[in-house]
Amino acid sequence: MATAALAEMIEPRMGDTVADAPASWRPRLSPRARLRWDEVEKRYMLVFPEAALMLNETAPEILKLCNGEHTVDGIIDALVQRFTGIERKVIEEDVTSFLARIRARGLLEG
Amino acid sequence: MGAPRPYTLVAELTYKCPLKCLYCSNPVSFSQMRDELSTEQWVRTFSEAADLGVVQLHLSGGEPVVRKDLPELIRHARSRDLYTNLITGGTLLNEEMLRQFRDCGLDHIQLSIQDTDRRTAELVAGIRSYDKKLKIAPLIKKLGFSLTINVVMHRMNIDHVPALIAQAAELGAQRLELANTQYHAWAEKNRSALMPTRAQLDQAEALVLEARPRYQGTMEIAYVKADYYSEYPKPCMGGWARSYMVITPTGEVLPCHAAHVIPGLHFDSVRDQSLTTIWAESKGLNAFRGESWMQEPCRSCPMKAIDFGGCRCQAFMLAGDAAAADPVCSLSPHHDIIQEAIAQAEQGDGRFIYRDSRNSERLSIRPLEPASR
C-alpha cells in the first residue's frame, strides 16, 4: 500500500561538508536518481524515490561530472574553468555542500 | 486562481490482490468496482499527468502485477520521463517479469513486508506469503533495481523495529519505510486489533532515531508517525489536491486513497474528461483546496498553513463533518474521540476482518456511516 508520499522540494543549502570523504573519492550518481529537465519550471530537477530536488544553475553541471571519473577537486577545477568570474572559494563551497547533501541521502556512490 | 502543480500520481491499476491485509487502504466496497480502465485510458492519463507537471508515478493497487499490460504502461510512463515506481506485495513476481519491467525502464520497486516474524506476517496478510517475499527481494536486487521496503506498523509488529531494520539492510534496501497504520478503509474496521499503545510507539520511535546514524548514506529509514498520538494533525497529503492525486482502477481522480468515504463529494473520472480539466475543475478536488472551507479552531490557527487542518476523511469519519478540524488535533472539540481510542488501545482487542471480496460484498450492502460514539 502507498503511504503519504509527497514530492518533497528541497533547495541546495550551504553549511554541510564532505570533510569525512577521502580526497581520492570519485563520486558517482546513484542509478536510482535521475537528472531530468523540467519543462514546467524550465530548469533541471534531480528525481529519486519519494522526492525531487529542484536544481539551481550549477548543480546540474556538478551532477554531470559525478560519473566516477572525477575527484571532488577535479569537479571544482572543471567548474572554475566553466564559470569564469566566480571565485574558486565560492564554487568550492557550492560543490562540497551540494555533494554532502545528496550523499547523505544515499544518492552518491563510489 | 489556477490549480496548483501536481507532483505525484498514484495509479491504482486494479483492486485485485492475493493478499488480504488487515490495514489495506483500498475502499471497503472495492468488490463493487470491477470495471477497470483500459490500457489506452491509462496511457492517455499518464501523458496528461506528465503535461500537468507530475514527476513521480506510483503504480499501485491492489497488486499492480496482475495487470497484463504492466510492461506497456511502464514503457509509456518512462517515455514521458515519469519516475516510475512499482508498489507490490511481491508474491506474484518472478525473475522473468522483473527483467521485462527493467527492460521497459522501471525506475524503482517498493516491496511490502508485513513482519520479520512469519506467524504474525501471515496472520496480517491472510495468506502464506512470507517465504515468497524473502525470495523475491534478492532477485529485485540482482536485476539492479533500487529497493524500498515498506512496513505498515501496528501493535503486532511495532515491537520488532530493530529486526525489521536489520532485515531491510540485509535485503539490500536503500530505503525503509516504517509507516504507522492510518485508520481508514480496512484499517478503520480493524482499528482495535491494530492500534499500538503509547509505550510501544515511544520505544519504536526511540529505536528508529538510534538506528538512523548507523545507516546514513546507505539506507534511509523513514518513519511515519501514528497520528492519533500526535498533538497536532498530520499535513494530510500535503494539503487536499495540492500536489498529489490518486486515480482509482475505475478512473476516478481523488485527492487521497480514502476520499470516497465523504458523502456528497463528486469526483470525476478520466473516462469522461481529460485529467487536465478534472485537476482544475473537479468539484470534489476543489472542495477543500485553500483555506476558505475552514471552521474554527482552524480558521484562526497559525498552524493552518502547516497542517491544513489535518485529514478531511478522518474529520468526517470521527467528527461527522469533513470541514471540521481533524479530531487528532488537541484543539479539536472532538478530541475526546481520539483519547477514547487511545484508552481502548491499552486494553487491546484481537478481533479483525480480512480484506477480501466476500467481506467487501458483505460490508458494501450497508451504507457507510460515520462512527458514532
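The values are calculated or read from the model by the stated rules, or taken from the named source; none is laboratory data. In this text the structure is predicted, and so the values were computed from the model without any measurement. Note that each Cβ is placed from the backbone with ideal geometry, even for glycine, and that neighbours are counted across all protein chains shown.
Annotation: of all residues in segment A:73-105 being within 14 Å of another protein chain (Cβ to nearest Cβ) and in contact with a helix residue (DSSP H, G or I) (Cβ under 9 Å, 6 or more places away or on another chain), the one that is modelled with the highest pLDDT is A:Leu99. Pairs are defined by a Cβ separation below 6 Å, a sequence spacing of at least 6 or placement on different chains, a first member in segment A:33-53 that is more than 13 Å from B:Asp81 (Cβ to Cβ) and within 8 Å of another protein chain (Cβ to nearest Cβ), and a second member that is at pLDDT 90 or above and assigned to a strand (DSSP E or B); the pairs so defined are A:Pro49/B:His108; A:Pro49/B:Thr148; A:Pro49/B:Arg175. Considered as a group, the residues in segment B:70-86 that are within 14 Å of another protein chain (Cβ to nearest Cβ) and hydrophobic (A, V, I, L, M, F, W, C) include one that is surrounded by the most Cβ atoms within 10 Å (Cβ to Cβ), and that residue is B:Ala77.
Residues in segment B:312-350 that are charged (D, E, K, R), more than 17 Å from B:Met237 (Cα to Cα) and at pLDDT 95 or above: B:Asp321, B:Asp336.
Scanning segment B:311-328 for residues that are more than 18 Å from B:Met195 (Cβ to Cβ) and buried (at least 22 other Cβ atoms within 10 Å of the Cβ) yields B:Arg312, B:Ala315, B:Phe316, B:Ala322, B:Ala324, B:Ala325.
Every residue, every condition in (1) assigned to a helix (DSSP H, G or I); (2) surrounded by 18 or more Cβ atoms within 10 Å (Cβ to Cβ); (3) within 13 Å of chain A (Cβ to nearest Cβ); (4) out of contact with any Ser or Thr (no Cβ under 6 Å at 6 or more places or on another chain), yes or no:
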{"position": "B:Ala187", "(1), (2), (3), (4)": "yes, yes, yes, no"}
{"position": "B:Ala193", "(1), (2), (3), (4)": "yes, yes, no, yes"}
{"position": "B:Ala199", "(1), (2), (3), (4)": "yes, no, no, yes"}
{"position": "B:Gln203", "(1), (2), (3), (4)": "yes, no, no, yes"}
{"position": "B:Ala222", "(1), (2), (3), (4)": "no, no, yes, yes"}
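In segment B:9-32, which residue that is more than 13 Å from the chain's Cα centre (by Cα) and not hydrophobic (A, V, I, L, M, F, W, C) is surrounded by the most Cβ atoms within 10 Å (Cβ to Cβ)? Looking at residues that are more than 13 Å from the chain's Cα centre (by Cα) and not hydrophobic (A, V, I, L, M, F, W, C), I get B:Tyr15. Looking only at segment B:246-260, residues that are closer than 14 Å to B:Ala287 by Cα and among the aliphatic types (A, V, I, L, M) come to 3 in all.
Filter segment B:240-272 down to residues that are among the β-branched types (Val, Ile, Thr) and away from every other protein chain (no Cβ under 14 Å), then give me how many there are.
As a first pass, look at segment B:240-272 and keep what is among the β-branched types (Val, Ile, Thr): B:246-248, B:250, B:253, B:261-262, B:270.
Going one step further and asking which of them are away from every other protein chain (no Cβ under 14 Å), we end up with B:250, B:253, B:261-262, B:270.
Counting residues in segment B:240-272 that are among the β-branched types (Val, Ile, Thr) and away from every other protein chain (no Cβ under 14 Å) gives 5.
Would you tally the residues in segment B:1-26 being assigned to a loop (DSSP other than H, G, I, E, B) and either at pLDDT below 95 or more than 25 Å from B:Asn359 (Cα to Cα) (or both)?
To start, the set of residues in segment B:1-26 that are assigned to a loop (DSSP other than H, G, I, E, B) comprises B:1-7, B:13-26.
If we keep only those that are either at pLDDT below 95 or more than 25 Å from B:Asn359 (Cα to Cα) (or both) as well, we get B:1-7.
Summing the residues that are assigned to a loop (DSSP other than H, G, I, E, B) and either at pLDDT below 95 or more than 25 Å from B:Asn359 (Cα to Cα) (or both) in segment B:1-26 gives 7.
For segment B:27-51, filtering for residues that are over 17 Å from B:His184 (Cβ atoms) and either out of contact with any strand residue (DSSP E or B) (no Cβ under 9 Å at 6 or more places or on another chain) or part of a loop (DSSP other than H, G, I, E, B) (or both) leaves 15. When segment B:269-307 is limited to residues that are of a type outside the set (A, V, I, L, M) and crowded, with 20+ Cβ neighbours inside 10 Å, the one that is nearest to B:Thr8 (Cα to Cα) turns out to be B:Trp279. Once segment B:143-174 is narrowed to residues that are within 14 Å of chain A (Cβ to nearest Cβ) and free of Cβ contacts under 8 Å to residues at least 40 places away in the same chain, the residue that is farthest from the chain's Cα centre (by Cα) is B:Gly172.
For B:Trp279, state whether it is within 14 Å of chain A (Cβ to nearest Cβ), in a helix (DSSP H, G or I) and at pLDDT 95 or above. Walk me through it before giving the result.
Working: within 14 Å of chain A (Cβ to nearest Cβ): yes; in a helix (DSSP H, G or I): yes; at pLDDT 95 or above: yes.
Taking the combined requirement at face value, the residue satisfies it.
Tallying residues that are within 14 Å of chain A (Cβ to nearest Cβ) and either outside any helix (DSSP H, G or I) or aromatic (Phe, Trp, Tyr) (or both) within segment B:87-125 yields 14. Please indicate, with yes or no, whether at least one residue in segment B:36-44 is of a type in the set (Val, Ile, Thr), more than 10 Å from every other protein chain (Cβ to nearest Cβ) and more than 17 Å from the chain's Cα centre (by Cα). Yes, segment B:36-44 contains a residue that is of a type in the set (Val, Ile, Thr), more than 10 Å from every other protein chain (Cβ to nearest Cβ) and more than 17 Å from the chain's Cα centre (by Cα).
The residues of segment B:130-158 that are out of contact with any Leu (no Cβ under 9 Å at 6 or more places or on another chain) and part of a loop (DSSP other than H, G, I, E, B) amount to a single one, B:Gly144.
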